[in-house]
1. For residue 185, are the conditions met, namely being within 30 Å of residue 57 (Cβ to Cβ), in a helix (DSSP H, G or I) and in contact (Cβ under 8 Å) with a residue 24 or more places away in the chain?
2. Name every residue in segment 237-249 that is under 28 Å from residue 332 (Cα atoms) and touching a strand residue (DSSP E or B) at 6+ places or on another chain (Cβ under 8 Å), in order of residue number.
3. Count, please, the residues in segment 256-276 that happen to be outside any helix (DSSP H, G or I) and in contact with a helix residue (DSSP H, G or I) (Cβ under 9 Å, 6 or more places away or on another chain).
4. I'd like the full set of residues that are part of a loop (DSSP other than H, G, I, E, B) and buried (at least 16 other Cβ atoms within 10 Å of the Cβ), limited to segment 36-46.
5. Going by the structure shown, is residue 279 over 23 Å from residue 337 (Cα atoms) and surrounded by fewer than 21 Cβ atoms within 10 Å (Cβ to Cβ)?
6. Determine if segment 219-233 includes at least one residue that is crowded, with 17+ Cβ neighbours inside 10 Å and at positive phi.
């Protein structure tokens, strides 16, 4: 009898265990996880000329979640008409979302973003925010903070007094305006700092920055420091300063921590630059774009006003790079040269 009872108990246990194992299959309220939706992400870049944009591209492809995310890459070569063609091509390709690094963030560029909105395709603005339009997210380095860091460094190096030049980027991008606002927020605190010239440069042209510096030198205007919205503008200025043999005591600060900029800092030709951490910036862009395209929840730092629109903003940090911490960029750009010793 005892043996029979034991056998019955064992059989019951086996039945119960079997039920537990198959519960998910027979219970309509227990659903297996849904496979993630396959999505197509269009990326429209204003340019790929600078090395930092190559880092962004690398980051976007490395940080997509899995193979079910297809990326279509477009490069407008700083031409608004080309970017318009690129966007139309992405729409024809039925992309689920567009990451837009805008050639023009003024009224001309706004027409392009409105065209995307009318096509009911979400937009993630990368680095540059087109004025007075709706986008679903804005992924940006802290450009205002970048400008502040530049100015504080220059003010300290000049001991709070001196004549300076501000080389601004393209007037049709919000980045140049934000960096310059950051500059001005610090410079205005010091009566001893005098701005000799501040000028925009179309398409962030290095050649135009050379012309600006040459024209100031030709007018015999004295200056001791230069704040440049990016490294290309700064490096253009340095070329002219060297040619005119007035570069030794000049303090020049750039931004972007590009490969050329990093090499120049390592060689102590460029005093400092601002690292906007392009890999992290682009990683944020592809992650947010994926969440939006799949209708999933995501986090942002704060909302900002863009005309009548409230825009969700994700901010990437920035830091100042000079000769004392330039080695921190070697993981990105490889081994950097040391200062050239003159014989």
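1. The answer is no for residue 185.
2. 237, 238, listed by residue number.
3. 11
4. 46, the sole residue that qualifies.
5. Taking the combined requirement at face value, the residue does not satisfy it.
6. Checking segment 219-233: not a single residue is crowded, with 17+ Cβ neighbours inside 10 Å and at positive phi.
Readers should treat all values here as calculations from the given coordinates under stated rules, not as data from a laboratory. This structure is a prediction, so every number in the text was calculated from the model and none was measured. In this analysis, Cβ positions are derived from the backbone assuming ideal geometry, glycine residues included, and neighbour counts consider all displayed protein chains.
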